[in-house]
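Colleague: After the C-alpha coordinates below, expect a handful of questions from me.
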Amino acid sequence: MPPKTPIFLLKTRSTPGDAYEELFSTSADDGFDFEPIFVPVLEHRFDEVGMATVRNLLRDQLIGRAWDSHYGGLVFTSQRAVEAFTALVREGRDRDGWLDLLDIPVYSVGPATTRALRAVPQDTPLQIFGEHTGNGADLARFIVEHYTKWYKDRPSRPPLLFLVGEQRRDIIPRVLAASSIPIDEVVVYGTGVVQSFKGDFEQLLQGTADRPLRWVVVFSPTGCDSMLSALDLLDENTDRAKPMLPGRRTYIATIGPTTRDYLVKKFAYTPNVCSEQPTPEGVRKGIARYSTPVQ
(Lines give C-alpha, C1' and ligand atoms only; values in the text may rest on other atoms or scores of the structure.)
Protein backbone atom coordinates (compact mmCIF):
# COMPACT_ATOMS: atom_id res chain seq x y z
CA MET A 1 0.00 0.00 0.00
CA PRO A 2 1.48 3.37 -1.01
CA PRO A 3 2.14 5.85 1.82
CA LYS A 4 -0.42 8.51 2.56
CA THR A 5 0.13 12.05 1.30
CA PRO A 6 0.83 14.42 4.20
CA ILE A 7 -1.22 17.60 4.02
CA PHE A 8 0.01 20.20 6.49
CA LEU A 9 -2.83 22.42 7.64
CA LEU A 10 -1.25 25.61 8.99
CA LYS A 11 -3.95 26.28 11.56
CA THR A 12 -5.13 25.26 15.00
CA ARG A 13 -7.44 22.26 14.96
CA SER A 14 -11.02 23.42 15.56
CA THR A 15 -13.00 21.86 18.37
CA PRO A 16 -15.06 19.82 18.95
CA GLY A 17 -14.53 18.76 15.32
CA ASP A 18 -12.56 20.15 12.42
CA ALA A 19 -14.08 20.07 8.93
CA TYR A 20 -10.64 19.97 7.27
CA GLU A 21 -9.60 16.97 9.33
CA GLU A 22 -12.87 15.19 8.55
CA LEU A 23 -12.62 15.75 4.80
CA PHE A 24 -8.92 15.01 4.36
CA SER A 25 -9.10 11.89 6.53
CA THR A 26 -11.66 10.44 4.12
CA SER A 27 -10.86 8.78 0.81
CA ALA A 28 -12.58 10.26 -2.21
CA ASP A 29 -12.83 9.47 -5.90
CA ASP A 30 -10.00 11.94 -6.65
CA GLY A 31 -7.56 9.15 -5.83
CA PHE A 32 -5.75 10.91 -2.99
CA ASP A 33 -5.22 9.32 0.41
CA PHE A 34 -4.29 12.25 2.65
CA GLU A 35 -2.84 12.37 6.13
CA PRO A 36 -3.95 15.68 7.68
CA ILE A 37 -1.39 17.21 10.04
CA PHE A 38 -2.16 20.43 11.95
CA VAL A 39 0.61 22.95 12.51
CA PRO A 40 -0.68 25.90 14.61
CA VAL A 41 0.59 29.24 13.31
CA LEU A 42 -1.44 31.64 15.41
CA GLU A 43 -2.04 31.75 19.11
CA HIS A 44 -5.13 33.55 20.31
CA ARG A 45 -5.67 35.41 23.56
CA PHE A 46 -8.78 37.07 24.87
CA ASP A 47 -8.68 40.86 25.02
CA GLU A 48 -9.62 41.62 28.63
CA VAL A 49 -10.86 45.15 27.92
CA GLY A 50 -13.17 43.95 25.15
CA MET A 51 -14.29 40.94 27.17
CA ALA A 52 -15.19 43.22 30.08
CA THR A 53 -17.19 45.46 27.74
CA VAL A 54 -19.28 42.57 26.40
CA ARG A 55 -19.59 41.04 29.87
CA ASN A 56 -21.09 44.27 31.20
CA LEU A 57 -23.51 44.50 28.27
CA LEU A 58 -24.70 40.96 28.93
CA ARG A 59 -24.93 41.45 32.67
CA ASP A 60 -26.95 44.64 32.30
CA GLN A 61 -29.18 43.01 29.64
CA LEU A 62 -28.32 45.65 27.07
CA ILE A 63 -28.22 43.23 24.11
CA GLY A 64 -31.79 42.31 23.23
CA ARG A 65 -35.01 43.27 21.51
CA ALA A 66 -36.21 45.71 24.20
CA TRP A 67 -36.52 49.33 23.11
CA ASP A 68 -33.96 50.45 25.67
CA SER A 69 -31.35 47.83 24.66
CA HIS A 70 -28.07 49.20 23.39
CA TYR A 71 -27.80 46.52 20.70
CA GLY A 72 -30.43 44.63 18.72
CA GLY A 73 -28.24 41.92 17.19
CA LEU A 74 -24.80 40.33 17.03
CA VAL A 75 -22.35 39.75 14.17
CA PHE A 76 -19.58 37.14 14.01
CA THR A 77 -17.08 36.42 11.24
CA SER A 78 -14.55 34.49 13.32
CA GLN A 79 -14.58 31.26 15.29
CA ARG A 80 -12.23 32.89 17.80
CA ALA A 81 -14.74 35.65 18.46
CA VAL A 82 -17.35 32.94 19.04
CA GLU A 83 -14.98 31.25 21.51
CA ALA A 84 -14.68 34.51 23.45
CA PHE A 85 -18.46 34.98 23.38
CA THR A 86 -18.99 31.38 24.49
CA ALA A 87 -16.77 31.93 27.51
CA LEU A 88 -18.94 34.88 28.55
CA VAL A 89 -22.16 32.94 27.96
CA ARG A 90 -20.85 30.14 30.17
CA GLU A 91 -20.38 32.71 32.91
CA GLY A 92 -23.99 33.77 32.41
CA ARG A 93 -25.27 30.21 32.70
CA ASP A 94 -23.95 30.20 36.24
CA ARG A 95 -26.31 33.12 36.84
CA ASP A 96 -29.41 31.67 35.11
CA GLY A 97 -28.28 32.45 31.54
CA TRP A 98 -28.78 35.32 29.10
CA LEU A 99 -32.42 34.97 28.11
CA ASP A 100 -32.43 38.33 26.29
CA LEU A 101 -30.21 36.83 23.55
CA LEU A 102 -32.99 34.55 22.34
CA ASP A 103 -35.04 37.30 20.67
CA ILE A 104 -32.33 38.83 18.49
CA PRO A 105 -30.69 37.86 15.19
CA VAL A 106 -27.14 36.53 15.38
CA TYR A 107 -25.33 36.89 12.04
CA SER A 108 -22.62 34.45 11.02
CA VAL A 109 -20.39 34.14 7.97
CA GLY A 110 -19.96 30.60 6.67
CA PRO A 111 -20.44 27.10 8.05
CA ALA A 112 -17.48 26.95 10.46
CA THR A 113 -18.50 30.04 12.41
CA THR A 114 -22.11 28.89 12.37
CA ARG A 115 -21.18 25.48 13.79
CA ALA A 116 -19.34 27.21 16.62
CA LEU A 117 -22.35 29.44 17.34
CA ARG A 118 -24.71 26.47 17.40
CA ALA A 119 -22.55 25.02 20.17
CA VAL A 120 -22.96 28.10 22.39
CA PRO A 121 -24.43 26.71 25.64
CA GLN A 122 -27.94 28.15 25.63
CA ASP A 123 -30.94 26.03 26.68
CA THR A 124 -32.80 27.53 23.70
CA PRO A 125 -30.55 27.84 20.62
CA LEU A 126 -29.56 31.23 19.27
CA GLN A 127 -31.30 32.46 16.12
CA ILE A 128 -28.45 32.34 13.61
CA PHE A 129 -28.60 33.74 10.09
CA GLY A 130 -26.19 34.19 7.18
CA GLU A 131 -24.42 30.83 7.05
CA HIS A 132 -24.96 30.66 3.28
CA THR A 133 -23.07 33.91 2.60
CA GLY A 134 -19.49 32.68 2.97
CA ASN A 135 -17.73 36.07 3.02
CA GLY A 136 -18.00 39.47 4.66
CA ALA A 137 -19.30 41.35 1.63
CA ASP A 138 -22.17 38.93 1.03
CA LEU A 139 -22.97 38.79 4.74
CA ALA A 140 -23.13 42.58 4.92
CA ARG A 141 -25.63 42.75 2.07
CA PHE A 142 -27.68 39.99 3.67
CA ILE A 143 -27.71 41.82 7.02
CA VAL A 144 -28.99 45.02 5.42
CA GLU A 145 -32.04 43.24 4.02
CA HIS A 146 -32.70 40.87 6.90
CA TYR A 147 -32.10 43.29 9.78
CA THR A 148 -34.29 45.94 8.18
CA LYS A 149 -37.18 43.44 8.04
CA TRP A 150 -36.48 42.19 11.58
CA TYR A 151 -37.01 45.68 13.01
CA LYS A 152 -39.52 46.90 10.43
CA ASP A 153 -41.79 48.15 13.25
CA ARG A 154 -39.20 50.78 14.27
CA PRO A 155 -38.37 54.11 12.66
CA SER A 156 -34.68 53.20 12.77
CA ARG A 157 -32.69 50.06 13.36
CA PRO A 158 -30.92 49.57 16.70
CA PRO A 159 -27.13 49.22 16.54
CA LEU A 160 -25.47 45.86 15.95
CA LEU A 161 -22.58 44.57 18.04
CA PHE A 162 -19.72 43.09 16.01
CA LEU A 163 -17.27 40.94 18.01
CA VAL A 164 -13.90 40.98 16.24
CA GLY A 165 -10.17 40.33 16.52
CA GLU A 166 -7.35 42.87 16.34
CA GLN A 167 -7.01 42.29 12.59
CA ARG A 168 -10.17 42.49 10.51
CA ARG A 169 -11.51 43.98 7.32
CA ASP A 170 -13.89 46.92 7.37
CA ILE A 171 -16.28 45.79 4.63
CA ILE A 172 -19.20 44.97 6.97
CA PRO A 173 -19.15 48.30 8.89
CA ARG A 174 -18.83 50.23 5.60
CA VAL A 175 -21.76 48.49 3.90
CA LEU A 176 -23.99 48.81 6.96
CA ALA A 177 -23.10 52.46 7.52
CA ALA A 178 -24.07 53.21 3.91
CA SER A 179 -27.50 51.71 4.69
CA SER A 180 -27.90 53.68 7.94
CA ILE A 181 -27.50 50.62 10.16
CA PRO A 182 -25.17 51.48 13.06
CA ILE A 183 -22.63 48.86 14.10
CA ASP A 184 -20.02 48.93 16.85
CA GLU A 185 -16.91 46.76 16.81
CA VAL A 186 -15.51 45.37 20.06
CA VAL A 187 -12.15 43.59 19.97
CA VAL A 188 -12.45 40.42 22.06
CA TYR A 189 -9.28 38.59 21.02
CA GLY A 190 -5.83 39.17 19.64
CA THR A 191 -3.45 36.99 17.65
CA GLY A 192 0.27 36.41 17.37
CA VAL A 193 2.58 33.93 15.67
CA VAL A 194 3.29 30.81 17.75
CA GLN A 195 6.97 31.20 18.67
CA SER A 196 7.70 27.53 18.07
CA PHE A 197 5.92 27.39 14.70
CA LYS A 198 8.97 27.34 12.43
CA GLY A 199 10.76 24.70 14.52
CA ASP A 200 7.63 22.58 14.82
CA PHE A 201 7.05 22.73 11.06
CA GLU A 202 10.68 21.87 10.27
CA GLN A 203 10.47 18.79 12.49
CA LEU A 204 7.32 17.59 10.76
CA LEU A 205 8.91 18.16 7.36
CA GLN A 206 11.95 16.13 8.37
CA GLY A 207 9.69 13.33 9.57
CA THR A 208 7.93 13.14 6.20
CA ALA A 209 10.93 13.78 3.95
CA ASP A 210 10.66 10.28 2.46
CA ARG A 211 7.11 10.79 1.20
CA PRO A 212 6.82 11.13 -2.59
CA LEU A 213 4.35 14.02 -2.32
CA ARG A 214 3.36 16.61 0.30
CA TRP A 215 0.93 19.51 0.41
CA VAL A 216 0.86 22.60 2.62
CA VAL A 217 -2.36 24.59 3.08
CA VAL A 218 -1.93 28.22 4.17
CA PHE A 219 -4.88 30.00 5.80
CA SER A 220 -3.59 33.54 6.33
CA PRO A 221 -0.61 35.81 5.57
CA THR A 222 0.58 35.49 9.17
CA GLY A 223 3.61 33.22 9.39
CA CYS A 224 4.17 32.95 5.65
CA ASP A 225 7.81 34.01 6.02
CA SER A 226 8.47 31.24 8.56
CA MET A 227 6.62 28.75 6.37
CA LEU A 228 8.70 29.56 3.28
CA SER A 229 11.90 29.54 5.33
CA ALA A 230 11.12 26.11 6.81
CA LEU A 231 10.55 24.82 3.26
CA ASP A 232 13.88 26.35 2.18
CA LEU A 233 12.03 28.49 -0.34
CA LEU A 234 13.08 31.88 1.04
CA ASP A 235 16.29 33.76 0.32
CA GLU A 236 17.15 35.13 3.77
CA ASN A 237 19.24 37.95 2.24
CA THR A 238 16.51 39.35 -0.01
CA ASP A 239 13.34 38.07 1.70
CA ARG A 240 12.23 36.92 -1.73
CA ALA A 241 11.44 33.43 -2.95
CA LYS A 242 14.26 31.30 -4.33
CA PRO A 243 14.06 30.09 -7.93
CA MET A 244 12.03 26.90 -8.31
CA LEU A 245 14.16 23.75 -8.34
CA PRO A 246 13.26 20.77 -10.54
CA GLY A 247 11.92 17.68 -8.83
CA ARG A 248 10.30 19.50 -5.92
CA ARG A 249 7.54 17.38 -4.38
CA THR A 250 6.10 19.75 -1.77
CA TYR A 251 3.33 22.03 -3.02
CA ILE A 252 1.48 24.95 -1.48
CA ALA A 253 -2.22 25.79 -1.57
CA THR A 254 -3.84 28.92 -0.14
CA ILE A 255 -7.34 29.17 1.28
CA GLY A 256 -8.11 32.12 -0.99
CA PRO A 257 -6.82 35.12 -2.96
CA THR A 258 -5.85 37.29 0.03
CA THR A 259 -3.10 34.91 1.14
CA ARG A 260 -2.10 34.13 -2.46
CA ASP A 261 -1.70 37.82 -3.27
CA TYR A 262 0.32 38.36 -0.11
CA LEU A 263 2.76 35.61 -1.08
CA VAL A 264 3.10 37.04 -4.57
CA LYS A 265 3.57 40.68 -3.54
CA LYS A 266 5.65 40.16 -0.42
CA PHE A 267 7.86 37.25 -1.47
CA ALA A 268 7.40 36.95 -5.27
CA TYR A 269 6.14 33.43 -4.65
CA THR A 270 3.14 32.05 -6.54
CA PRO A 271 1.44 29.15 -4.74
CA ASN A 272 0.48 26.11 -6.74
CA VAL A 273 -3.21 26.29 -5.85
CA CYS A 274 -5.56 29.07 -4.75
CA SER A 275 -8.87 27.66 -3.57
CA GLU A 276 -11.89 29.08 -5.36
CA GLN A 277 -13.96 28.60 -2.19
CA PRO A 278 -12.61 29.03 1.39
CA THR A 279 -13.78 25.56 2.40
CA PRO A 280 -12.24 22.11 2.80
CA GLU A 281 -14.04 21.00 -0.36
CA GLY A 282 -12.69 24.00 -2.26
CA VAL A 283 -9.11 23.24 -1.22
CA ARG A 284 -9.40 19.56 -2.10
CA LYS A 285 -10.91 20.30 -5.49
CA GLY A 286 -8.10 22.76 -6.22
CA ILE A 287 -5.45 20.20 -5.36
CA ALA A 288 -7.19 17.52 -7.43
CA ARG A 289 -7.32 19.82 -10.46
CA TYR A 290 -3.65 20.70 -10.10
CA SER A 291 -2.25 17.22 -10.05
CA THR A 292 -2.97 13.52 -9.99
CA PRO A 293 -1.77 11.39 -7.10
CA VAL A 294 1.58 9.69 -7.24
CA GLN A 295 1.13 5.92 -7.72
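Colleague: Using 24 Å as the Cα-Cα cut-off, could you pick out the over-long pairs in LYS4/LYS266; LYS11/LYS198; LYS11/LYS265; LYS11/LYS285? Each step should come with its number before you reach the end.
Modeller: Working: LYS4/LYS266 32 Å; LYS11/LYS198 13 Å; LYS11/LYS265 22 Å; LYS11/LYS285 19 Å.
Distance filter (> 24 Å) returns LYS4/LYS266.
Colleague: Within the accessible area of the chain, what % is carbon and sulfur when the probe is 1.4 Å and the other protein chains stay in place? Intermediate values should be presented prior to the final figure.
Modeller: On the way: 7450 of 15010 Å².
The computed percentage sits at 50.
Colleague: Still on this structure, please answer the following. So what does ARG45 come to for accessible area, using a 1.4 Å probe and Å² rounded to 10?
Modeller: Rounded to the nearest 10, that gives 130 Å².
Colleague: In whole Å, how far is the Cα centre of region 65-86 from that of region 99-156?
Modeller: If you average the Cα positions of each part, the centres end up 9 Å apart.
Colleague: Determine the gain in length on full extension of the stretch LYS4-ARG248; use 0.36 nm per residue of separation and subtract their C-alpha separation, reporting nm with one decimal. Don't skip to the end; give the middle numbers.
Modeller: Details: separation 244, 0.36 × 244 = 87.84 nm, distance 1.75 nm.
Full-extension gain reported as 86.1 nm.
Colleague: Using only Cα atoms, what Kirkwood radius does region 46-181 have, in angstroms? Could the numbers behind the result be given before it?
Modeller: On the way: mean 1/r = 0.0665 Å⁻¹.
Result for region 46-181, one decimal place: 15.0 Å.
Colleague: Additional query: At a 1.4 Å probe radius, which order do GLU48, GLU91 fall into by accessible area, largest first? Walk me through the intermediate numbers first.
Modeller: Numbers: GLU48 120, GLU91 60 Å².
Highest to lowest solvent-accessible surface, that is GLU48, GLU91.
Colleague: Hey, can you rank 34-44, 148-158 by average C-beta count inside 10 Å, highest first? The partial results should precede the final answer.
Modeller: On the way: 34-44: 19.2, 148-158: 12.8.
Going by the mean number of other Cβ atoms within 10 Å, highest first, we get 34-44, 148-158.
Colleague: Quick check: net charge around SER229, other residues with Cβ under 11 Å of its Cβ, Lys/Arg +1 and Asp/Glu -1? Intermediate values should be presented prior to the final figure.
Modeller: On the way: positive: LYS198, LYS242; negative: GLU202, ASP225, ASP232, ASP235, GLU236, ASP239.
In short, -4.
Colleague: Give me, ordered by chain and number, the residues 5 or more places off ASN272 or on other chains with an amide H under 5 Å from its own placed amide H.
Modeller: Amide H neighbours of ASN272: ILE252.
Colleague: Another question, then. So between SER229 and ASP153, what do we pick up on full extension, going 0.36 nm a residue minus the alpha carbon distance? Mind showing how you got there, number by number?
Modeller: Values: separation 76, 0.36 × 76 = 27.36 nm, distance 5.74 nm.
Full extension of this stretch gives 21.6 nm more.
Colleague: Using modelled amide H (1.01 Å from N, peptide plane; none on Pro or chain starts), what sits under 5 Å from the amide H of VAL39, excluding residues fewer than 5 places away?
Modeller: LEU9, LEU10, LYS11
Colleague: Could you work out [θ]222 nm for the chain from helices alone, using -39500 (n - 2.57) per DSSP H run of at least four and dividing by all its residues? Round to the nearest 500 deg cm²/dmol. Write down the numbers at each step before the final one.
Modeller: Details: 10 runs with 105 residues, N = 295.
Helix-only estimate at 222 nm: -10500 deg cm²/dmol.
Colleague: Using amide H atoms built 1.01 Å from N in the peptide plane, name the residues 5+ places from PHE34, or on other chains, whose amide H lies under 5 Å from its own.
Modeller: It is THR5, by chain and number.
Colleague: Using a Debye calculation, one point per C-alpha and no hydration shell, please list log10 I(q)/I(0) for region 182-295 at q = 0.22, 0.23 Å⁻¹ in order.
Modeller: The calculated log intensity ratios at q = 0.22, 0.23 Å⁻¹ are -1.41, -1.48.
Colleague: Ok, one more. Under 25 °C and 0.890 mPa s, how fast does the chain diffuse according to Stokes-Einstein, given a Kirkwood radius computed over C-alpha pairs? Answer in µm²/s, whole number.
Modeller: On the way: Rh = 20.9 Å.
Taking Rh from Cα pairs, D becomes 117 µm²/s.
The values are calculated or read from the model by the stated rules, or taken from the named source; none is laboratory data. Please read all numbers here as calculations on a predicted model, not as lab measurements. Using ideal geometry, Cβ is built from the backbone for each residue, glycine included, and neighbour counts are taken over all protein chains shown. All accessible areas refer to the heavy atoms of the entire protein, side chains included, with ligands and DNA or RNA removed. Shrake-Rupley method; radii C 1.70, N 1.55, O 1.52, S 1.80 Å.
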